[in-house]
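Working notes for the structure below.
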Amino acid sequence: MITYLIRRILYAIPILIGVNLLTFALFFVINTPDDMARMQLGMKRVTPDAIEKWKQQRGYDKPLLFNSQAAGTKKLTDTIFFQKSASMFIFDFGYSDDGRSISREISTRMFPSLVIALPTFVVGLLLYITFALLMALFRGTMLDIAGVTVCVILMSISSLFYIIGGQFLVSKLWHWVPISGYAGGMDSLRFILLPVLIGIVSGIGASSRWYRTIFLEEVGRDYVRTARAKGLSELRVLFRHVLKNAMIPILTGVVAVIPLLFMGSLLTESFFGIPGLGSYTIDAIQAQDFGVVRAMVFLGSVLYIVGLILTDISYTVVDPRVRLQ
Amino acid sequence: MNFKLVMLWTDVMIFLLLTVAIVGGWWIMQRPHLLLPWQRLFRSRVGMVSLLVLSVFVATGLLDSLHYRVALPDKGNGQAVYAAEVLSVFDTLVGDLRSQTEKTYSAPLAVFLYAKESIETPEGNTLRDYPRLKYGGAHLLDPEHDHAGDVAKRSLVGIFVGGFCGALLVILIVSVAAVRSGTPAGVWIKARKNSPVTAMLVTLALMAMLIGLIANLSGAYHVLGTDKVGQDVLYLSLKSIRTGLVIGTVTTLVMLPFALFLGIAAGYFRGWVDDVIQYIYTVLSSIPGVLLIAAAVLMMQVTIEKHAGWFSSSIERADLRLLFLCLILGVTSWTGLCRLLRGEALKLRELEYIQASQAFGVSSLRILSRHILPNVMHIVLISVVMDFSALVLAEAVLSYVGVGVDPSTNSFGTLINNARLEMGRDPIVWWTLASAFSFMLVLVLAANLFADAVRDAFDPRLNRTGIA
């Protein structure tokens, strides 16, 4: 198990190097720092001095890969690649355009993101599985058909509609909760209620339908027939046997997402003014803050790989047949 | 009238795709074993009705993809000069809908503007009131009195004419089909009571009524109101369809060759080829989609700004940006299909007929193209159709985030983005958002239902005997 984990972590390193090289190529090779400076300062009437100053402020005034003017190991370390890309491996993300430390920003903004994402995820998952089980229990009846129809309609609605509609209905028309904003401590409950609710509702269609398919695939298996032949009730078969076995495919999708919860949701956070990582990213995109976008890309892929490893581990927990070699 | 054809990049892509679809359809028609799953699809009532609805959207999109520039009046020096504005056949068909812009917001079917203004009365006084619209209901002499009656009359006429045309079309189709099969029309209909044909004919008639209603009303009113700068929302929504279709289809076209070739190669050759290809798609898929798209689009903006000289008009620039967006979306979304295809190829290569061809010394390239490729095509088709609706929805979100299409391109995303603060107005301006979301819902819902039907017809794993 431990050797497996070590191997998986070692395997993650080349992937992260790949991600790093990709972002490096995207941000520094396709467009040189000069282009970025010109873009941010406005296209016309940009003096070379202004560009130089912009680059110097952000540390982009170094050579890309190899600094022939520096001495010793500085030849490699005093470059954009080493300082902007390689340093991400020790989670040193540098500074955003407004001069704040990106790492510190990430650590403070992580919590609000989680406060929204975690309840949405947990409550949502329970709800979706319940719906899917109900549809599986009544499979083939009008109830099931109606359920699937509703799911298809719900998943055809844009997530933007859920947010805009929900804000309008719950906050503006009924005045139940504030439209947007965030506060620390117990006071935050008021603010997180609506985003969590909307997050859950917008996922119902696609997820319930997906879990229903998984359940139905399990229901067709031989062991289910055996369990019925033994005289077990349909409910007992569903909960004791089908649910447990269906956990394996469900986990594949679910566990991989857990680490990414830290990243928050771009849309929800920006609509509700939650000071989390999602709104941080969206602000950075809109302000064209390349440093922050780069940092978030790297962080996202690290979390994704952590998710993959967690998925493997969770298999051994729910499925005793799986041994990690 | 003289005009010059303008071929935008996405137009080329769309018509390329159309050609591929037509040639592919003809090719399949010649081969009964390939036709089988399609016949299953044609028997699905939900699938065929949604296909009919989709085809209306596709027709709008295609008409909107034929671009041209009108020739300006000759100045006498013999040189043809063309207007800077690029129009499409669709623009010409809808006629005045495009040019009849009001001053600002107006509600659906309204005759008065949304905001009060100072109006000069004939007596010379200024009065603060809601002014009449320039075009919406301009023919009414006494709007307060005649408005409701006129709307009702025009709706009825529209429904009737539309329904009449629809009925004519239905009768024509039925009689042609009946004559060809050599049975009386009544018998022909009765024999198809439970087949999708009847449902499709009913849908056709209903859609004809709806189109008649909207067409007749839009001659005199803004059926879905006007937006902030007074543009007709119905026109904007219809124009958005093309962008949605481009994103949903061209993206797939762009990514398909990569996913197909790499996926099959990885599964078939295994060894280091597999390792390299797996590495590539793991790297790409480990970056969260939105972030990769955001990063790529930001960089694309820088490139476009740098090379402003590439484009002779702003519409070309917006179009190239749309194409780039498709490319980027394709790069981020091909990994899923690639993984599926790799798995399938891994399974196929162990089958006897592949082993036999290997034993006979058939070259790898030939095995890939003759034996593996045809046997994974159903996966490709299913995933292409399934991806379509997700891509249409993604466009709206991306445009909202600011990494979507060019702000000057008509799309559901830009429509929603421009209207997002309108719900906060008092009285609220709901019609732009409502129209954008409704059009999207119909398009995506039809696409989803059609995708389900395609999957049911093509997936060999599904049992076709019992319940799903």
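If you go through the range A:163-173 and keep only what is free of Cβ contacts under 8 Å to residues at least 24 places away in the same chain and either among the polar types (S, T, N, Q) or away from chain B (no Cβ under 14 Å) (or both), you end up with just A:Ser171. Selection of the range B:411-436 for residues being small (Gly, Ala, Ser) and either surrounded by fewer than 23 Cβ atoms within 10 Å (Cβ to Cβ) or within 10 Å of chain A (Cβ to nearest Cβ) (or both) yields B:Gly413, B:Ala419, B:Gly424, B:Ala434, B:Ala436. Within the range A:200-237, the set of residues being of a type in the set (Phe, Trp, Tyr) and either within 30 Å of A:Ala117 (Cα to Cα) or within 14 Å of chain B (Cβ to nearest Cβ) (or both) comprises A:Trp210, A:Tyr211, A:Phe215. Taking the criterion of being out of contact with any Leu (no Cβ under 8 Å at 6 or more places or on another chain), touching a residue at least 12 places away in the same chain (Cβ under 8 Å) and among the aromatic types (Phe, Trp, Tyr), the residues of the range B:237-290 that qualify are B:Phe258, B:Phe269.
Scanning the range A:268-277 for residues that are open to solvent by less than 20 Å² (accessible area, probe 1.4 Å) and either within 10 Å of chain B (Cβ to nearest Cβ) or modelled with pLDDT under 85 (or both) returns no hits. Looking only at residues of the range B:369-409 that are open to solvent by 50 Å² or more (accessible area, probe 1.4 Å) and over 30 Å from B:Leu41 (Cβ atoms), we find that the one that is farthest from the other protein chains (Cβ to nearest Cβ) is B:Ser408.
Please verify whether B:Leu35 is open to solvent by less than 80 Å² (accessible area, probe 1.4 Å), modelled with pLDDT under 90 and either assigned to a helix (DSSP H, G or I) or out of contact with any His (no Cβ under 6 Å at 6 or more places or on another chain) (or both), treating the condition exactly as stated. Considered against the rule, which asks whether it is open to solvent by less than 80 Å² (accessible area, probe 1.4 Å), modelled with pLDDT under 90 and either assigned to a helix (DSSP H, G or I) or out of contact with any His (no Cβ under 6 Å at 6 or more places or on another chain) (or both), B:Leu35 comes out as yes. Annotation: B:Glu350 fulfils all but one of (1) within 12 Å of another protein chain (Cβ to nearest Cβ); (2) outside any helix (DSSP H, G or I); the unmet one is (1). Taken across the range A:190-211, residues that are open to solvent by less than 50 Å² (accessible area, probe 1.4 Å), touching a Lys or Arg at 6+ places or on another chain (Cβ under 9 Å) and of a type in the set (Lys, Arg) do not occur at all. Here's a check for you: in the range B:244-302, which residue that is under 26 Å from B:Asp64 (Cβ atoms) and within 14 Å of another protein chain (Cβ to nearest Cβ) is most open to solvent (accessible area, probe 1.4 Å)? Applying the filter and picking the extreme gives B:Gln301. What about B:Arg43, is it touching a residue at least 24 places away in the same chain (Cβ under 8 Å), more than 22 Å from B:Val392 (Cβ to Cβ) and touching a Lys or Arg at 6+ places or on another chain (Cβ under 9 Å)? So B:Arg43 fails the test. Pairs meeting the criteria (first residue in the range B:136-157 and surrounded by 15 or more Cβ atoms within 10 Å (Cβ to Cβ), second residue small (Gly, Ala, Ser), beta carbons under 7 Å, at least 6 apart or on different chains) are B:Gly136/B:Ser106; B:Gly136/B:Ala110; B:Gly137/B:Ala220; B:Pro143/B:Gly137; B:His147/B:Gly137; B:Arg154/B:Ala220.
So, A:Asp283, is that one open to solvent by 10 Å² or more (accessible area, probe 1.4 Å), within 11 Å of chain B (Cβ to nearest Cβ), out of contact with any Gly (no Cβ under 6 Å at 6 or more places or on another chain) and among the acidic types (Asp, Glu) or not? For A:Asp283, the condition - open to solvent by 10 Å² or more (accessible area, probe 1.4 Å), within 11 Å of chain B (Cβ to nearest Cβ), out of contact with any Gly (no Cβ under 6 Å at 6 or more places or on another chain) and among the acidic types (Asp, Glu) - is met.
With respect to A:Ser85, determine if the residue is within 14 Å of another protein chain (Cβ to nearest Cβ), surrounded by 17 or more Cβ atoms within 10 Å (Cβ to Cβ) and closer than 26 Å to B:Ser438 by Cβ. Judged against the criteria, A:Ser85 is not a match.
Those helices (runs of 4 or more DSSP H) of the range A:236-325 in which at least 2 residues are over 30 Å from A:Gly184 (Cα atoms) and in contact (Cβ under 8 Å) with a residue 24 or more places away in the chain, considering only elements entirely within it, cover A:243-255, A:290-318. Restricting attention to the range A:167-191, and to residues there that are among the small types (Gly, Ala, Ser), closer than 21 Å to A:Leu277 by Cβ and part of a helix (DSSP H, G or I), which single residue is modelled with the lowest pLDDT? If we take residues in the range A:167-191 being among the small types (Gly, Ala, Ser), closer than 21 Å to A:Leu277 by Cβ and part of a helix (DSSP H, G or I), then A:Gly185 is modelled with the lowest pLDDT.
Restricting attention to the range A:291-315, which residues are more than 17 Å from A:Val254 (Cα to Cα) and within 7 Å of chain B (Cβ to nearest Cβ)? Listed by number, the residues that qualify are A:Val293, A:Met296, A:Val297.
Among the residues of the range A:106-161, those that are within 14 Å of chain B (Cβ to nearest Cβ), closer than 30 Å to B:Ala419 by Cβ and open to solvent by less than 30 Å² (accessible area, probe 1.4 Å) comprise A:Ser113, A:Ala117, A:Cys151, A:Val152, A:Ser156, A:Ser158, A:Leu160.
State whether one or more residues within the range B:65-76 are in contact with a strand residue (DSSP E or B) (Cβ under 7 Å, 6 or more places away or on another chain), closer than 30 Å to B:Val454 by Cβ and open to solvent by 60 Å² or more (accessible area, probe 1.4 Å). Scanning the range B:65-76, I find at least one residue that is in contact with a strand residue (DSSP E or B) (Cβ under 7 Å, 6 or more places away or on another chain), closer than 30 Å to B:Val454 by Cβ and open to solvent by 60 Å² or more (accessible area, probe 1.4 Å), so the answer is yes.
Between A:Gly291, A:Gly300, A:Gly278, the distinction of being in contact with a strand residue (DSSP E or B) (Cβ under 9 Å, 6 or more places away or on another chain) and not assigned by TED's automatic domain parsing to the domain that holds A:Ile6 belongs to A:Gly291 only. B:Ala447 falls short on exactly one of the conditions (1) of a type in the set (A, V, I, L, M); (2) modelled with pLDDT of 90 or more; (3) surrounded by fewer than 18 Cβ atoms within 10 Å (Cβ to Cβ), and that condition is (3). Residues that are surrounded by fewer than 21 Cβ atoms within 10 Å (Cβ to Cβ) and in contact (Cβ under 8 Å) with a residue 40 or more places away in the chain within the range A:215-234 comprise A:Leu216, A:Val219, A:Glu234, listed in sequence order.
The values are calculated or read from the model by the stated rules, or taken from the named source; none is laboratory data. None of the values given here were measured: they were computed from a predicted structure. Because the Cβ atoms are built from the backbone with ideal geometry, glycine has one as well, and the counts that use them run over all protein chains shown. Ligands, DNA and RNA are excluded from the accessible area calculation, which covers all protein heavy atoms including side chains. Shrake-Rupley method; radii C 1.70, N 1.55, O 1.52, S 1.80 Å.
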